[in-house]
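Contents: one structure, followed by commentary.
The values are calculated or read from the model by the stated rules, or taken from the named source; none is laboratory data. Quick caveat: nothing in here was measured; it's all calculated off a predicted structure. Glycine gets a Cβ as well: all are built from the backbone with ideal geometry, and neighbour counts include every protein chain shown.
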Ligand code: FEO
Ligand code: CA
Ligand code: CA
């Protein structure tokens, strides 16, 4: 642990460091299954009319040209980049809107090149590591709600040794820089800007009071000394992807919450709690934030139930700056990526969610009640049924209800608090790290980025479930990722069954002439790895953002920096639209209400982007057309 740069570890690398797992699967058998799956892939992947034809070969040059000549993309795709800048197609321009440390209020000191900013006022500035975001149009105001996922400790605490907090102020600063920003933005002569001191501006961070509601609220596992009711917690953390409800609220999703907790002594806990710690990766050392050494709330030796109060989906009303955010236990507790809300034909609320860890599950919530515009929304994200997905190899799938009866667990509260264990109990399909799920507004279908999984076919998941290659996860040691999509039966997102296929398998045809070369819609012009963020525009094109290996070497040669591409769900074509600075992940995507501006997040850039001096700063940029036209 001490001979690696822990400020550079990924989420899964931290988990494996703290909870090493044996390589459990038989490799020969895995290869055998993978080979047989290749035939299966070729057989089932004609999906709907004119869908992408999948396989292991390459498009010929003439096919690729024919694809480009006829496509719906209103731009000339760009080349890869390896520099420390952002690139967009000819005819488009980009500008920085908000950087980590930019004051949201005139009483905040703002950014300091050497120190990154003082602890005082660190909850009054735009936070670090921008991620999922949504735009809300409210009485003529454009409001952006945006996540600040985690802290780059070495950047946020440049004076601290290895980015390790040296005192309570350092911890408080990290806590303040993460969470959520709500801010008003407006378009002026010089482009878009944050409206400083807008009454809508708000920072929500690791110490903001929250209400816990739903079936698990008040359960003993959620009670702490500070909150004996189990209904009031502090803070939302590791806010990754986002969602928006039909009633105009923001959903922020708590992902790698486990990394903030540690223990100053061996926690005295029940076997149930200990099992939960193991499944969710809550260990003695945490991930280097060291909160537990300076803030007892994060010390599981003193507050063993505190981690149960994180890992939820949180609802925020961006139009009411004084409102208390709400943690919805009905949506289950896991490492939430995002929450995609759609309505069933009968008005029930359906929420699709992924659990981003190697070998974890895809979930769906279906409400009991129905949504009517202007009607009460009470219980619509809590009273209902949580399901986990089972993908069959024949291209069908089913949603498995997670209840005390189906799981053998004691009650619904425990099913929800330990949703991962519930998913394992019903035999849900282990997935290659489910990242964003988005629903196509032009068809009754949903897409999920399965970003990568080097443990596929190699190691079990954290619960001990084997992870053999399977239908939607067809490659062992999957370093490239794929996008699976499903169509619910009866055109009803609330249906219990669906058909699925792979929209794309990323790969590198310059290195491999087998399944690792990617599906047929991978061409020389669109090489990428590790799809992650995603969004549909109003025309039904799907925008794909990547968070992968940007070394441009070896298996990843020719892929360049992380990027944003756009895909046509009908033809399967994919074109590269944008590249981010080296070192960064492109994540977070939303449009202005007039669809003439696209807001895109650049997380953890390298170099000293975007300022050219001082520390690198994650930022939201705007992308517009030079002719003022629509961008989606
Ligand atoms: Fe925060 Fe799974 O990405
Ligand atoms: Ca992500
Ligand atoms: Ca990712």
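Would you call residue 218 assigned to a loop (DSSP other than H, G, I, E, B), modelled with pLDDT of 95 or more and buried (at least 20 other Cβ atoms within 10 Å of the Cβ)?
no
Hey, does segment 551-564 have a residue that's within 16 Å of ligand 3 (Cβ to nearest atom), in a strand (DSSP E or B) and under 21 Å from the mean Cα position of the chain (by Cα)?
There is at least one residue in segment 551-564 that is within 16 Å of ligand 3 (Cβ to nearest atom), in a strand (DSSP E or B) and under 21 Å from the mean Cα position of the chain (by Cα).
Mind listing just one residue for me: the one in segment 548-563 that is crowded, with 24+ Cβ neighbours inside 10 Å and within 16 Å of ligand 2 (Cβ to nearest atom) and, of those, farthest from residue 95 (Cα to Cα)?
Among those that are crowded, with 24+ Cβ neighbours inside 10 Å and within 16 Å of ligand 2 (Cβ to nearest atom), it is 550.
Tell me which residues, restricted to segment 610-625, are assigned to a loop (DSSP other than H, G, I, E, B) and either crowded, with 24+ Cβ neighbours inside 10 Å or touching a strand residue (DSSP E or B) at 6+ places or on another chain (Cβ under 6 Å) (or both). Talk me through it step by step, then tell me what you get.
Of the residues in segment 610-625, the ones assigned to a loop (DSSP other than H, G, I, E, B) are 610-618.
Listed by number, the residues that qualify are 610, 617, 618.
In segment 1-34, what residues are away from ligand 3 (no atom under 16 Å from the Cβ), at pLDDT 65 or above, in a helix (DSSP H, G or I) and more than 18 Å from residue 547 (Cα to Cα)? Quick ask: steps written out before the conclusion?
Here is the first cut: in segment 1-34, the residues away from ligand 3 (no atom under 16 Å from the Cβ) are 1-7, 17-34.
Still in the list and also at pLDDT 65 or above: 4-7, 17-23.
After this cut, where a residue has to be in a helix (DSSP H, G or I) as well, the list is 6-7, 17-18.
If the condition is that a residue be away from ligand 3 (no atom under 16 Å from the Cβ), at pLDDT 65 or above, in a helix (DSSP H, G or I) and more than 18 Å from residue 547 (Cα to Cα), then 6, 17, 18 are the ones that fit.
For segment 573-616, enumerate the residues that are in contact with a helix residue (DSSP H, G or I) (Cβ under 7 Å, 6 or more places away or on another chain) and either at pLDDT 95 or above or within 15 Å of ligand 3 (Cβ to nearest atom) (or both).
Step one: list which residues in segment 573-616 are in contact with a helix residue (DSSP H, G or I) (Cβ under 7 Å, 6 or more places away or on another chain), which gives 573, 615-616.
Across segment 573-616, the qualifying residues are 573, 616.
Sort through 193, 187 and tell me the only one that's part of a strand (DSSP E or B), closer than 25 Å to residue 116 by Cβ, modelled with pLDDT of 95 or more and more than 24 Å from the chain's Cα centre (by Cα).
193
Looking only at segment 253-282, how many residues end up being within 16 Å of ligand 1 (Cβ to nearest atom), more than 14 Å from residue 175 (Cβ to Cβ) and part of a helix (DSSP H, G or I)?
Selection size over segment 253-282: 2.
Looking only at segment 576-596, decide whether some residue is under 25 Å from residue 154 (Cβ atoms) and without any contact (Cβ under 8 Å) to a residue 24 or more places away in the chain. Full working, then the answer.
So the first thing to find is which residues in segment 576-596 are under 25 Å from residue 154 (Cβ atoms), and the list is 579-588.
Adding the requirement that they be without any contact (Cβ under 8 Å) to a residue 24 or more places away in the chain leaves none.
Looking for residues that are under 25 Å from residue 154 (Cβ atoms) and without any contact (Cβ under 8 Å) to a residue 24 or more places away in the chain, one finds none in segment 576-596, hence no.
Results for (1) closer than 22 Å to residue 383 by Cβ; (2) part of a strand (DSSP E or B); (3) away from ligand 3 (no atom under 16 Å from the Cβ), shown as yes or no for each residue.
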{"site": "284", "(1), (2), (3)": "no, no, yes"}
{"site": "304", "(1), (2), (3)": "no, no, yes"}
{"site": "324", "(1), (2), (3)": "yes, no, yes"}
{"site": "330", "(1), (2), (3)": "yes, no, yes"}
{"site": "334", "(1), (2), (3)": "yes, no, no"}
{"site": "340", "(1), (2), (3)": "yes, yes, yes"}
{"site": "346", "(1), (2), (3)": "yes, no, yes"}
{"site": "350", "(1), (2), (3)": "yes, yes, yes"}
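Please enumerate the residues belonging to segment 421-472 that are within 16 Å of ligand 2 (Cβ to nearest atom) and either touching a helix residue (DSSP H, G or I) at 6+ places or on another chain (Cβ under 9 Å) or part of a strand (DSSP E or B) (or both).
Of the residues in segment 421-472, the ones within 16 Å of ligand 2 (Cβ to nearest atom) are 431-438, 447-453.
Of everything in segment 421-472, those that are within 16 Å of ligand 2 (Cβ to nearest atom) and either touching a helix residue (DSSP H, G or I) at 6+ places or on another chain (Cβ under 9 Å) or part of a strand (DSSP E or B) (or both) turn out to be 432, 433, 434, 435, 436, 437, 438, 447, 448, 449, 450, 453.
Table: residues versus (1) more than 16 Å from ligand 1 (Cβ to nearest atom); (2) without any contact (Cβ under 8 Å) to a residue 60 or more places away in the chain.
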position	(1), (2)
355	no, no
359	no, no
377	yes, no
386	yes, yes
396	yes, no
403	yes, yes
412	yes, no
420	no, no
423	yes, no
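How about segment 473-497: which of its residues are assigned to a loop (DSSP other than H, G, I, E, B), in contact with a strand residue (DSSP E or B) (Cβ under 8 Å, 6 or more places away or on another chain) and within 16 Å of ligand 3 (Cβ to nearest atom)?
Passing the criteria: 480, 481.
Determine whether segment 521-529 contains at least one residue that is within 16 Å of ligand 1 (Cβ to nearest atom), touching a residue at least 60 places away in the same chain (Cβ under 8 Å) and either crowded, with 21+ Cβ neighbours inside 10 Å or not in a loop (DSSP other than H, G, I, E, B) (or both).
Yes, because at least one residue in segment 521-529 is within 16 Å of ligand 1 (Cβ to nearest atom), touching a residue at least 60 places away in the same chain (Cβ under 8 Å) and either crowded, with 21+ Cβ neighbours inside 10 Å or not in a loop (DSSP other than H, G, I, E, B) (or both).
Report, ordered by the first and then the second residue, all pairs with beta carbons closer than 6 Å, sequence separation of six or more or different chains, a first member in segment 483-496 that is in contact (Cβ under 8 Å) with a residue 40 or more places away in the chain, and a second member that is crowded, with 16+ Cβ neighbours inside 10 Å and assigned to a loop (DSSP other than H, G, I, E, B).
484/472; 485/445; 487/445; 488/495; 491/444; 492/344; 493/344; 494/344
Being surrounded by 24 or more Cβ atoms within 10 Å (Cβ to Cβ), under 28 Å from residue 443 (Cβ atoms) and out of contact with any helix residue (DSSP H, G or I) (no Cβ under 8 Å at 6 or more places or on another chain): is that true of residue 631 here? Spell out the reasoning first.
Values: surrounded by 24 or more Cβ atoms within 10 Å (Cβ to Cβ): no; under 28 Å from residue 443 (Cβ atoms): yes; out of contact with any helix residue (DSSP H, G or I) (no Cβ under 8 Å at 6 or more places or on another chain): yes.
No; evaluated as a whole, the condition is false for this residue.
Quick one: residue 374 ticks every box in (1) more than 16 Å from ligand 3 (Cβ to nearest atom); (2) under 20 Å from residue 496 (Cβ atoms) bar one, so which box is it?
Of everything listed in (1) more than 16 Å from ligand 3 (Cβ to nearest atom); (2) under 20 Å from residue 496 (Cβ atoms), residue 374 misses just condition (2).
For segment 102-123, indicate whether the set of residues that are within 16 Å of ligand 1 (Cβ to nearest atom) and crowded, with 21+ Cβ neighbours inside 10 Å is non-empty. Let's see the steps before the verdict.
Restricting attention to segment 102-123, the residues satisfying the condition of being within 16 Å of ligand 1 (Cβ to nearest atom) are none.
Taking every residue of segment 102-123 in turn, none turns out to be within 16 Å of ligand 1 (Cβ to nearest atom) and crowded, with 21+ Cβ neighbours inside 10 Å.
Yes/no matrix, rows are residues, columns are (1) more than 16 Å from ligand 1 (Cβ to nearest atom); (2) surrounded by 23 or more Cβ atoms within 10 Å (Cβ to Cβ); (3) at positive phi:
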{"position": "434", "(1), (2), (3)": "no, yes, no"}
{"position": "437", "(1), (2), (3)": "no, yes, no"}
{"position": "449", "(1), (2), (3)": "no, yes, no"}
{"position": "458", "(1), (2), (3)": "yes, no, no"}
{"position": "503", "(1), (2), (3)": "yes, yes, no"}
{"position": "513", "(1), (2), (3)": "yes, no, no"}
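Of the residues that make up segment 578-586, is at least one within 16 Å of ligand 2 (Cβ to nearest atom) and not in a loop (DSSP other than H, G, I, E, B)?
yes
For segment 133-141, indicate whether the set of residues that are assigned to a loop (DSSP other than H, G, I, E, B), modelled with pLDDT of 95 or more and surrounded by fewer than 18 Cβ atoms within 10 Å (Cβ to Cβ) is non-empty.
The initial filter retains those residues of segment 133-141 that are assigned to a loop (DSSP other than H, G, I, E, B), namely 139-140.
Retained after the next criterion (residues that are modelled with pLDDT of 95 or more): 139-140.
From what's left, surrounded by fewer than 18 Cβ atoms within 10 Å (Cβ to Cβ): 139-140.
There is at least one residue in segment 133-141 that is assigned to a loop (DSSP other than H, G, I, E, B), modelled with pLDDT of 95 or more and surrounded by fewer than 18 Cβ atoms within 10 Å (Cβ to Cβ).
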